[in-house]
Amino acid sequence: MLRYIIRRLLYAIPILVGVNLITFTLFFVINTPDDMARMNLGVKYVTPAAIEKWKQERGYDKPLLVNYDENGLSKFTSTIFFEKSLAMFVFDFGRADDGRDIAYEIKTRMVPSLAIALPVFILGLLAYITFALLMVFFRATYIDLWGVVICVALMSISSLFYIIGGQFLIGKLWHLVPISGYAGGVDMGKFLLLPVIIGVISSAGANTRWYRTIFLEEMGKEYVRTARAKGLPESLILFKHVLKNAMIPILTGVVVIIPLLFLGSLISESFFGIPGLGSYTIEAINSQDFAIVRAMVFLGSMLYIVGLVLTDISYTLVDPRIRLE
Amino acid sequence: MLVKNDIYARIILLCAIVLMSACGDESWNNPYQAADADKNILYNAFVERPKHLDPAQSYSSNEIQLTAQIYEPPLQYHYLKQPYVLVPLTASRMPAVSYFNKDGYRLSDNARVADIAYTVYEISIKPGIYFQPHPAFAVDEQDEFLFHNLSDKETTKIYQLSDFPHMSTRELTAKDYVFQIKRLAHPKLHSPIFELMADYIQGLREFATTLEKVVDEKPEDNFYLDLNKFPLDGVQVVDDYTYHVKIKGKYPQFIFWLTMPFFAPIPWEAERFYSQQKLIEKNITLDWFPVGTGAYMLTENNPNQIMVLDRNPNFHGESYPTEGMPGDVINGLLDDAGKPLPFIEKIIYSRERESIPRWNKFLQGYYDASGIGSDSFDQAVQLIGQGEATVTDTMLAQGIRLEAAIAPSTYYMGFNMLDPVVGGISERARESAKKLRQAISIAVDYEEFISIFANGRGVPAHGPISPGVPGHREGEAGINPVVYDWKDGRAQRKSIESARTLLAEAGYPDGIDSSTGAPLVLYFDVTARSSEDKSMLDWMRKQFQKLNIQLVVRSTDYNRFQDKIRKGNAQIFEWGWNADYPDPENFLFLLYGPQRKVGNNGENAANYDNEEYNQLFEQMKNMRNNAERQQIIDRMIDILRHDAPWLWGYHPRIYGLYHSWYKNVKPNRMAHNTVKYHKIDAALRQQRRQEWNKPVLWPLVLVLIVATLGLIPAFMAYRRRERGVALGLSRHDS
């Protein structure tokens, strides 16, 4: 398995280089280094000399991909792409255009993002699987029928509606929790209650239906019939045997997103005033801060690859027949 | 069964205890610490995170609300007086201005501008002003700085300034002001006003070149550039409390710059302290942690969440103004006349990116003031007459009041004068284009625009100068006669017929080019718009359709838009300007020929160039505000109105809502260091918060009941299923 993991991680290198190249190309198709300089220097009293100085100091005065003024390897190494990309592979994200350390910023903002994303993920997973199993348990009864109706209704509503509606009802009308805000330590709870509840509810419809489908498929298999024939209680069949055998499709969708939980949620964090990473990339795109954009895209793609590897490993844990070679 | 009932009873009891325990005085939805409830704290929100707090770099309106409370330039605007009046802040008196000829002889105050080689501003500051407590000033028993050469070990547990075990201060001197002026030329700071100031402050450009050379020779990151070692000809320390600034020629507007944080003092110790690489790696920089002498100091800087300003314990003291405008006494704005400032102990700015939670928290009393978004405008404001507004009854019931002020800004639609259609190439074409522009000026109804798209929050512009700025005229004398007639005591837009007549005279009768027979098509360059702006663009098309002109909207991203403007490739465009200071020069230079965007990289986006206007501008810019200057301005504006390089658009009116406990608020769009004058009645706020935010518990009970009622049949069905037998077996048995 170790060889497999090492091989997968080595495959990640060309993927990350490719992602970096695409990010670089897309960014500089829209924004030139001159635009970046103007964005930073402001709209008033900006002269070409000031723009040149800004670019020179930050290394944006070089050609983007190929430097025809240089010879040999320097043609490719003395470029913005090479100089800005290389350091990221040792996790040196450098500084944002406003001079602040990107790694420090990511570390600081990761915690609030996780504070919402982790409870939503764990509670959500438990709730969706439980509800799905209950619906399967009560399949073909009014509980199952109404469960599906409610799931479809929940799926049909935009997550933004849940947030605004939740803030209006629970925060504004009933005054039960703060409408928005964040604090560390013990005060964190009152701020996270509403976003976590809304986070769980807003995804409940789609996820519960998805898990219900998986479990229903398992219910038709022979081992379930055998278990029933042996006289096992239905609840035991569901919560022990069916759940365990349905883990492969569940893990496929779940494990891959675990590392991405660090990156937070744009809308939720924005409405609830959570100082997380959710808006970091979009703010950087708006302010044309390439240093942040490339760092965040690199981190996102890297975490996704880690998620995929973890998914593969998790298969071996739930199904002993699977071997990673 | 008894045992189970016992469990249910216990659960219900536990829920009841939890609910009852929450029925205390504290509101459940209070986003702040309960211990701060009755403290003298101002709570406000911010949307955009500040990028720079270094006074040499910061130039955004969202940053100045912080920096203006911390840094103290020598001058400030009088808080209550209108029009804007300059008064000393740290200066002991207003600067003494002396003019000199090229031989160094002093000239009289009325000397001809051509004779003035340079101007010297002598600025004297008050003694006894001290910087806020800061580790940069801390010294040991041998007077050696404690934290100027930090080792790796010493910085291990340092994450913010409060982690330093020692703080100290020192007296403010003239050297600190001179040091900051030198910082404007620092090659690593990229001060946004460097290029402008280099044209005026003697030797600043050469000083920057010297510094660049030094930096180029020492490329390492942790190199400390000691500005004290390099003299700057244009700035001299006279004594501990006096310094001179030497300006090339005459630039009377320089005095307004002395109210901005660009000219606030920076102690060299701070620059030295913050230059340490170990601190930079931890984002502990002057750009993040300011060092000032102002009424407040930044004690928490988390721009994603919260910015906290605490009262500066070393603040030199200042008194609330004793004079104001006639209405100020009635409005209670002079109740605190002469009392020591500041009134508020702490300011907490919370980041609130979305308008809905921001607005709702204001209504709950958790923010002391709020702007008004378009989505909450009808809920907050009702219009009661011509441009007059008041709060709605709901707001009034909460004790919320409205304060409005016209911003020293202008939003306009510009014509590119280099464009052959709207600008004209030949003399004849220029005359034709002028009539075309005049016709469009009449057709585009900005009164309607303000009413529909700005909720009435604006004043139609008759020229570039905003109300409240010298040079602006009110009433009949101030109307634009090309677009308006004065009827029944007010300006009335000319009829569309007169616009059509002008259009025909321009060679486009009924919107058809008489020379080619083709319909007239004009191009409106805008930055990429959201779907919300579509109605605005549709409205604009309809305005042009009144003249049968087809308006094609060319939407692009902001970078490409700026590029088009720089290269003169746009035809019609929208732009705006926020004045830096209340002088007509700061508006009229936007149409000064040498300030053209194309070729000169100036601020004249329309590329307007009128010889007479240019000459009058050069004459006017160096004059004092008197009748003669007004006469010149009148002539300049008359030229502009007839040439119509802009549709003059409108001057925005800024509305602010304030709770009843927030006092001494008078909008002053030029002064930003105003929090020191404000006052909070914390007891009243706490009382109102408690009244407005009592938790409503019945929904919780309802949810519990519904959940229980839903679970019972499910539980019964579960039991039935688990105890039941297979259907086939059951039939067989029966």
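The values are calculated or read from the model by the stated rules, or taken from the named source; none is laboratory data. Bear in mind the structure is a predicted one, so any value in this text is a computation, not a measurement. Here the Cβ is made from the backbone with ideal geometry for all residues, glycine too, and neighbour counts use every protein chain on show. Side chains included, ligands, DNA and RNA excluded: accessible areas come from the protein's heavy atoms. Shrake-Rupley method; radii C 1.70, N 1.55, O 1.52, S 1.80 Å.
In the context of the full set of protein chains, residues of the stretch A:2-90 present 56 Å² of accessible surface per residue (probe radius 1.4 Å, heavy atoms only). Geometric descriptor of the stretch B:546-676, per residue, is 201 Å³ (volume of the convex hull of the Cα atoms). Relative to the compact-globule estimate of 2.2 N^0.38 Å, the Cα radius of gyration of the protein assembly as shown comes out at 1.09.
Helix A:142-156 and the long axis of chain A differ in direction by around 10°, with both axes built from C-alpha atoms.
Considering every residue in A:180-190, what mean count of other chain Cβ atoms within 10 Å of its Cβ is obtained? Intermediate results must be reported in sequence, preceding the final value.
On the way: counts 13, 12, 7, 5, 1, 0, 0, 4, 0, 0, 4.
If you average over the peptide's residues, the count of other-chain Cβ atoms is 4.
Quick one: Debye curve from the alpha-carbon atoms of the stretch B:409-654 only, equal weights, vacuum; give me log10 I(q)/I(0) at q = 0.09, 0.15, 0.18 Å⁻¹ to two decimals. Treating every Cα as an identical point scatterer, log10 I(q)/I(0) equals -0.36, -1.09, -1.61.
Take the Cβ-Cβ distance between B:GLU505 and A:PHE168 as r, set R0 to 56 Å, and report the resulting FRET efficiency rounded to the nearest 0.05. Present the calculation step by step, with values, prior to reporting the outcome.
Values: r = 57 Å, r/R0 = 1.02.
Rounded to the nearest 0.05, the efficiency is 0.45.
Each part reduced to its alpha carbon centroid, the stretch A:130-156 and the stretch A:3-63 end up 49 Å apart. Would you be so kind as to identify which of B:GLN142, B:PRO303, B:THR209 lies farthest towards the positive end of the dipole of chain B, taking Lys and Arg as +1 and Asp and Glu as -1 on Cβ and the Cα centre as origin? Highest projection toward the positive end goes to B:PRO303. Extending 7 Å from the Cα toward the beta-carbon at both A:LYS230 and A:LEU145 defines two label points whose distance is 3.5 nm.
The fraction of all Cα pairs in the stretch B:367-471 landing in successive 5 Å bins from 0 to the largest distance is 2, 10, 16, 16, 14, 13, 10, 7, 5, 4, 3, 1, 0, given as whole percents.
Give the total of Lys-Lys pairs in the stretch B:599-684 with Cα-Cα distances below 20 Å; include a pair only if its members are 8 or more places apart or on different chains. Each step should come with its number before you reach the end.
Details: B:LYS663/B:LYS676; B:LYS663/B:LYS679; B:LYS666/B:LYS676; B:LYS666/B:LYS679.
Counting lysine pairs in the stretch B:599-684 gives 4.
Applying 1/(1 + (r/R0)^6) with R0 = 22 Å to the Cβ-Cβ distance of A:LEU73 and A:TYR11, what FRET efficiency is obtained, to the nearest 0.05? Before the final figure, lay out the partial values.
Working: r = 25 Å, r/R0 = 1.14.
Once rounded, the FRET efficiency stands at 0.30.
Taking all protein chains together and rolling a 1.4 Å probe, A:GLU52 ends up with roughly 90 Å² accessible.
Can you figure out the FRET efficiency of B:ASN548 with B:TRP486, using R₀ = 30 Å and their beta-carbon distance, to the nearest 0.05? Could the numbers behind the result be given before it?
Values: r = 29 Å, r/R0 = 0.96.
For R0 = 30 Å, the calculated efficiency reads 0.55.
Within the stretch B:409-654, what percent of beta bridges assigned by DSSP are antiparallel, to the nearest 5? For the stretch B:409-654, the DSSP antiparallel bridge percentage is about 65.
Over all distinct alpha-carbon pairs, what is the Kirkwood Rh of the stretch A:152-250 in angstrom? List each step's numbers first, then the result.
Values: mean 1/r = 0.0610 Å⁻¹.
Averaging 1/r across every pair of different Cα atoms and inverting gives 16.4 Å.
In units of the compact-protein estimate 2.2 N^0.38 Å, the stretch A:260-308 shows a Cα radius of gyration of 1.16.
For the stretch A:46-75, no residue has its backbone nitrogen under 15 Å from a point 7 Å from the Cα of B:THR556, taken along Cα to Cβ. A simple spin-label model places pseudo-atoms 7 Å from Cα toward Cβ; at B:GLU323 and B:ASP233 they are separated by 4.0 nm.
Within 9 Å, Cβ to Cβ, of B:ILE344, how many net charges do the neighbouring residues add up to if Lys/Arg are +1 and Asp/Glu are -1? Don't skip to the answer; put the middle values down first.
Working: positive: B:ARG311, B:LYS346, B:LYS676, B:LYS679; negative: B:GLU345.
That sum, taken over residues with Cβ under 9 Å, equals +3.
Its relative contact order, with pairs defined as Cα atoms under 8 Å and 6+ residues apart, puts the stretch B:409-654 at 32 percent. Compared with the alpha-carbon gap, the fully stretched path from B:ARG93 to B:ASP538 is longer by 154.8 nm at 0.36 nm per residue. When only alpha carbons are used to place a centre, the stretch B:473-531 and the stretch B:392-427 end up 17 Å from one another.
In Å², and per residue, what accessible area does the stretch B:599-705 have when probed at 1.4 Å with the other protein chains present? Kindly include the intermediate steps, with their values, before the conclusion.
Details: 4350 Å² over 107 residues.
Dividing the accessible area of the stretch B:599-705 by its residue count gives 41 Å².
In a fully extended conformation the segment linking B:LYS339 and B:ILE705 would gain 126.0 nm over its present Cα-Cα distance, using 0.36 nm per residue. The Rg/Rh ratio for the stretch A:170-325, using Cα coordinates for both the radius of gyration and the Kirkwood hydrodynamic radius, is 1.09.
Among the listed pairs B:LYS102/B:LYS250; B:LYS81/B:LYS250; B:LYS126/B:LYS229; A:LYS107/B:LYS278, which have their C-alpha atoms separated by more than 20 angstrom in this model? From the list (B:LYS102/B:LYS250; B:LYS81/B:LYS250; B:LYS126/B:LYS229; A:LYS107/B:LYS278), the Cα-Cα distance tops 20 Å for B:LYS81/B:LYS250; B:LYS126/B:LYS229.
Counting only other residues whose beta carbon sits under 11 Å from that of A:ILE102, what net charge do I get with K and R as +1, D and E as -1?
On the way: positive: A:ARG95, A:ARG100, A:LYS107, A:ARG109, A:ARG294; negative: A:ASP92, A:ASP97, A:ASP98, A:ASP101, A:GLU105, A:ASP289.
So the surrounding residues net to -1.
Taking label positions 7 Å along the Cα-Cβ direction at both B:LYS694 and A:LEU160, the computed distance is 3.6 nm, reported to one decimal.
Shown are B:GLU141, B:GLU281, A:GLU105, whose ranking by accessible area with a 1.4 Å probe and every protein chain present, most to least, is B:GLU141, B:GLU281, A:GLU105. Structural descriptor for chain B: relative contact order 17 percent, calculated from alpha carbon pairs under 8 angstrom and at least 6 residues apart.
The three principal axes of the C-alpha atoms in chain B carry coordinate ranges of 114, 85, 58 Å, sorted with the longest axis first. Dipole orientation for chain B: of the candidates B:PRO582, B:LEU702, B:ASN30, B:LEU702 has the Cα lying most toward the positive pole (charges on Cβ; Lys, Arg +1; Asp, Glu -1). If you take the Cα centroid of the stretch A:289-319 and the Cα centroid of the stretch B:199-274, the two points sit 49 Å apart.
Show that you can apply the helix-only estimate: for the protein assembly as shown, add -39,500 (n - 2.57) for every DSSP H stretch of four or more residues, divide by all residues, and state [θ] at 222 nm to the nearest 500.
Working: 39 runs with 443 residues, N = 1059.
Value at 222 nm, helices only, nearest 500: -13000 deg cm²/dmol.
Taking every C-alpha pair closer than 8 Å and separated by at least 6 residues, the mean separation divided by the residue count of the stretch A:11-141 gives a relative contact order of 13 percent. Length gained on full extension, B:LEU107 to B:PHE145: 9.1 nm, using 0.36 nm per residue less the C-alpha separation.
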